Each structure stands twice: as C-alpha cells, then as structure tokens.
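K.L.:
Here it is: the structure, laid out below.
The values are calculated or read from the model by the stated rules, or taken from the named source; none is laboratory data. On a predicted model such as this, the values are computed, not experimentally measured, just so you know. Here the Cβ is made from the backbone with ideal geometry for all residues, glycine too, and neighbour counts use every protein chain on show. These accessible areas exclude ligands, DNA and RNA; they are computed on the full protein's heavy atoms, side chains included. Shrake-Rupley method; radii C 1.70, N 1.55, O 1.52, S 1.80 Å.
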Amino acid sequence: MSAIVKTVSAFMTVPMMIFGLYVILHGHLTPGGGFPGGAVMATAVAMLIAAFGLSQSDARKKDAFSLFESIGLLAFIAMAFVGLQSTFFANVLAGHGWIFGSSVSYGPNPGYLETGGVIPIMNFAVGIEVFAALSAVMLAIMLHRREKHD
Amino acid sequence: MIDAVHWMLSAGIIAAAVMALKGRDLLASVIYLSAMSLMLSLEFYLLQAPDVAIAEAAVGTGLSTAIYIAAIKKTERMEHEGT
Amino acid sequence: MKALRHLTMAAFFCFLLAGAMYMHGVGTPERTQMDDYFIKSSQEETGANNVVTGILFDYRGFDTLGEASVLFAAASGVILLFRRKRNEQ
C-alpha cells in the first residue's frame with residue numbers, strides 16, 4: 001500500500017483500539033458490550049493487515065490469538081460457575097460491596113463504573129474471545145497460500 | 001417526517017440487496033452489501049436499538065467486508081457464467 | 001409452465017402485500033408483563049444501567065454462552081480449514 005494509507009492506518013489504530021476497549025469496559029453502562037467492542041478491535045487488526053501486509057512471525061501470532069480465544073471462553077464459563085452456590089449464571093457480586101459491587105437504585109443515574117457484579121468481568125472475557133477469534137480468522141485466511149492445481 | 005426516513009431507508013436496503021445479487025463483479029457486490037449493512041444499522045438506531053446498531057455497524061460494515069475482500073483476493077474477482 | 005410460474009409469483013406478492021397491510025406498526029411495541037418486570041427491577045437486581053446487557057449476561061446467560069460457543073466453533077473451523085498441510089513443505 002502507499003505511504004498515505006500506511007501513515008493514516010498507523011495513526012488510526014490507537015483510537016480504534018481505545019474505542020473498542022471503551023465499548024467493552026462500559027458495556028454495563030452504555031450501549032455496546034463485549035461482542036461489538038471485540039469486533040471494533042478486530043477491525044483495527046484487519047486494517048493493519050490490509051495496510052502493512054504480512055510478516056514472518058504471523059503464524060505464531062495466529063497461534064497466540066487462538067490461545068487467547070480459548071482463554072476468553074474459559075474465563076466466561078468460569079465466571080458463570082462462580083454463581084453456582086445459588087444457580088448457574090447467578091450474579092453473586094452485584095450489590096455486595098466487593099469488586100464491582102455498588103448497589104444501584106431504580107431510575108436515572110450518572111452511571112458508576114464499579115457496578116454490575118459479574119457483568120463487566122463477563123463482558124471483558126467475551127471481548128477478549130471475540131477479538132482473538134476474529135483476528136485469528138483474518139490471519140488464517142490471509143496466511144493461506146493457494147495449492148497448485150493437479 | 002420520521003416515516004419518510006423509514007421508507008427511504010427500507011427502500012435503500014432492498015435496492016442495495018438487489019444490486020448485491022445482480023452483476024458479475026464480486027467486489028462491487030461486497031461494497032453493495034457493506035452499504036446495505038450501514039443503512040440497516042442506521043435503521044436499527046432509528047428504531048431505538050443502539051446495541052444492535054453498534055454490533056451491526058462493527059461486524060457487518062467493518063469486519064465482514066474485510067473478510068469477504070480477503071476471500072476475493074485469494075480466489076477470483078469475476079463470477080463465472082453458468083454452472 | 002411459464003404462466004403457472006408467473007401466477008405463483010403474483011399470488012405470492014399479493015400475499016406479501018396483504019400481510020404488510022395488516023402488520024403491526026413499526027416503532028410502537030406493545031407492553032407485556034415481562035418487559036415491565038425487566039425495566040422495573042433489572043437495575044436493582046443486576047446493578048447494570050444498560051438493561052440489554054443485564055438481560056444478555058444475567059437473566060439470559062445461557063443464550064450468551066451459546067453465542068460465544070458458536071463463535072468459538074466457527075473460528076476453530078476456519079483455522080482448521082486453512083491450516084498448513086504438514087507434508088507440503
């Protein structure tokens with residue numbers, strides 16, 4: 001790609017990553033959540049691949065993305081198992097004053113970050129999983145070389 | 001007023017979908033699909049579903065277009081006649 | 001044979017038009033008991049301001065688990081399909 005595309009891509013990657021992280025971390029306060037935020041971050045990776053092409057170490061990066069995909073899904077299931085003292089997927093942290101545990105009353109409020117119980121942690125796990133899975137798919141498609149015809 | 005916007009967006013979505021099906025240039029079809037996804041996310045936003053609108057804009061407009069274009073780059077741009 | 005096909009298409013579009021005329025208005029959803037319960041008590045029970053996220057990750061957590069599993073399976077399938085063959089290099 002040309003120098004203009006490379007410069008603009010390198011400049012835009014940081015705001016896109018930060019916006020994706022913002023969408024993930026404020027998933028319990030504003031519209032968004034783990035899935036759209038992870039997709040935004042994976043779009044930044046796709047833009048980098050389109051602008052700068054592939055490098056020698058991308059096969060190892062694909063394996064690392066695949067590992068993080070598994071870690072995200074396992075963290076989500078583990079957070080579901082945390083609530084097993086009452087039921088599966090019970091929100092045991094909400095309203096108990098510990099981490100993410102401030103109680104919220106019905107009605108409009110300015111939106112406090114330390115609320116939501118297990119929801120922000122699950123959002124983060126799903127965000128990691130979606131980001132890693134979509135980036136690994138993009139890298140796997142781009143790394144594939146066409147086989148010779150018989 | 002808002003009804004006119006809804007009708008125009010719906011007509012644009014259907015027109016873009018039909019244009020994506022017509023024609024043999026797959027790259028143009030992918031761009032029409034991306035435009036359809038953008039109008040669909042705007043329609044979701046007007047129907048007061050911002051969560052779905054953000055997901056549609058991120059996945060449909062950004063990422064699936066990139067994956068389709070990568071697949072076209074790996075195969076062929078023009079669709080063959082018949083078969 | 002062609003006339004029959006055109007007749008079928010015409011009947012199908014008449015059916016679609018009749019269905020669209022009796023469709024419920026877009027943008028004015030009806031209230032149900034479930035909506036009222038979620039809107040009233042979702043903030044206090046889950047602690048999340050965003051009611052949609054509260055439903056997705058708390059009340060309907062199994063739905064999100066299935067969605068994440070489907071995405072994981074799809075990504076694994078793509079990586080498996082595009083892997084490098086060992087005897088090729």
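K.L.:
Taking the Cβ of B:VAL59 as the centre, find all other residues whose Cβ is under 15 Å away and add up their charges (Lys, Arg: +1; Asp, Glu: -1). All intermediate terms of the calculation are to be shown ahead of the outcome.
P.N.:
Values: positive: none; negative: A:GLU129, B:ASP51, B:GLU56, C:GLU67.
So the surrounding residues net to -4.
K.L.:
With a 1.4 Å probe and every protein chain left in place, work out the accessible area per residue of segment B:2-74 in Å², rounded to a whole number. Don't skip to the answer; put the middle values down first.
P.N.:
On the way: 4140 Å² over 73 residues.
Accessible surface, normalised per residue, equals 57 Å².
K.L.:
Could you work out the relative contact order of chain A? I mean the mean sequence separation of Cα pairs under 8 Å and 6+ apart, divided by the number of residues, in percent.
P.N.:
Details: 201 pairs, mean separation 44.1, N = 150.
That works out to 29 percent.
K.L.:
Under a no-solvent Debye model with one identical scatterer per Cα of segment A:87-137, what's log10 I(q)/I(0) at q = 0.25 Å⁻¹?
P.N.:
Debye intensities relative to I(0), on a log10 scale: -0.92.
K.L.:
To the nearest 0.05, how large is the calculated FRET efficiency for C:LEU16 and B:ILE2 if R₀ is 35 Å and r is the Cβ-Cβ distance?
P.N.:
Numbers: r = 24 Å, r/R0 = 0.68.
Working from the Cβ atoms, E equals 0.90.
K.L.:
Fully extended, how many nm does the chain gain between A:SER102 and A:ILE77 (0.36 nm per residue separation, minus their Cα-Cα distance)? Intermediate results must be reported in sequence, preceding the final value.
P.N.:
On the way: separation 25, 0.36 × 25 = 9.00 nm, distance 2.35 nm.
Difference between extended and current length: 6.7 nm.
K.L.:
Calculate the spin-label point distance for A:ALA3 paired with C:ARG60, positioning each point 7 Å from the Cα along the beta-carbon direction, and give it in nanometres.
P.N.:
Result for the modelled spin labels: 5.2 nm.
K.L.:
Reachable aspartates and glutamates from B:LYS22, Cα under 19 Å, same-chain residues fewer than 8 places away excluded?
P.N.:
Within the straight-line cut-off, B:LYS22 pairs with B:GLU76, B:GLU79, B:GLU81.
K.L.:
Assuming 1.306 mPa s and 10 °C, estimate D for the protein assembly as shown with Stokes-Einstein, Rh taken as the Kirkwood radius over Cα pairs, in µm²/s.
P.N.:
Calculated translational D: 71 µm²/s.
K.L.:
How large is the accessible surface of C:GLU67 in square angstrom, using a 1.4 angstrom probe and rounding to the nearest 10?
P.N.:
Surface open to solvent at C:GLU67 totals about 80 Å².
K.L.:
Find the Rg to Rh ratio for chain C, where Rh is the Kirkwood radius over alpha-carbon pairs and Rg uses the same atoms. Please list the in-between numbers first.
P.N.:
Details: Rg = 24.1 Å, Rh = 18.8 Å.
Here Rg/Rh amounts to 1.28.
K.L.:
Then there is this: Please check: in the Gaussian network model of chain B (C-alpha springs, under 10 Å), which one of B:ILE31, B:ILE67, B:ILE13 has the largest mean-square fluctuation.
P.N.:
Most flexible of the set in this elastic network: B:ILE67.
K.L.:
Restricting to DSSP H runs of at least four residues, report the calculated mean residue ellipticity at 222 nm for chain A, -39500 (n - 2.57) per run over all residues, nearest 500 deg cm²/dmol.
P.N.:
On the way: 4 runs with 92 residues, N = 150.
Mean residue ellipticity, 222 nm, calculated: -21500 deg cm²/dmol.
K.L.:
Segment B:1-51 to segment A:96-150: how many Å between their Cα centroids?
P.N.:
27
K.L.:
Related question: Can you list the residues of segment A:115-138 with backbone N under 20 Å from a point 7 Å past the Cα of A:ASP63, pointing along Cα to Cβ?
P.N.:
Residues passing the 20 Å test: A:132-138.
K.L.:
Which residues among segment B:1-41 fall inside the zone where the amide N is under 17 Å from a point 7 Å beyond the Cα of B:VAL52, along Cα→Cβ?
P.N.:
Counting only backbone N, you get B:6-7, B:9-11, B:13-14, B:36-41.
K.L.:
Take the Cα atoms of chain A, find their three principal axes, and give me the spread along each one in whole Å, biggest first.
P.N.:
On the principal axes, chain A reaches 63, 37, 21 Å in Cα extent.
K.L.:
Which value, in square angstrom to the nearest 100, describes the accessible area buried between chains C and A on both sides, using a 1.4 angstrom probe?
P.N.:
Working: alone 8630 and 9900 Å², together 15490 Å².
For chain C against chain A, roughly 3000 Å² becomes buried.
K.L.:
Mind listing the long-range amide H neighbours of B:ALA49? Cut-off is under 5 Å, sequence gap 5 or more, other chains count too, H placed in the peptide plane at 1.01 Å from N.
P.N.:
Close amide H contacts, sequence-distant or interchain: none at all.
K.L.:
Here's something else I'd like to know. Counting only protein heavy atoms and using a 1.4 Å probe, what share of the accessible area of chain C belongs to carbon plus sulfur, as a whole percent? Each step should come with its number before you reach the end.
P.N.:
Numbers: 4640 of 6960 Å².
The nonpolar share, carbon plus sulfur, comes to 67 percent.
K.L.:
If the viscosity is 1.567 mPa s and the temperature 4 °C, what Stokes-Einstein diffusion coefficient in µm²/s follows for segment B:2-74 when Rh is the Kirkwood radius over Cα pairs?
P.N.:
Once the numbers are plugged in, D ends up at 102 µm²/s.
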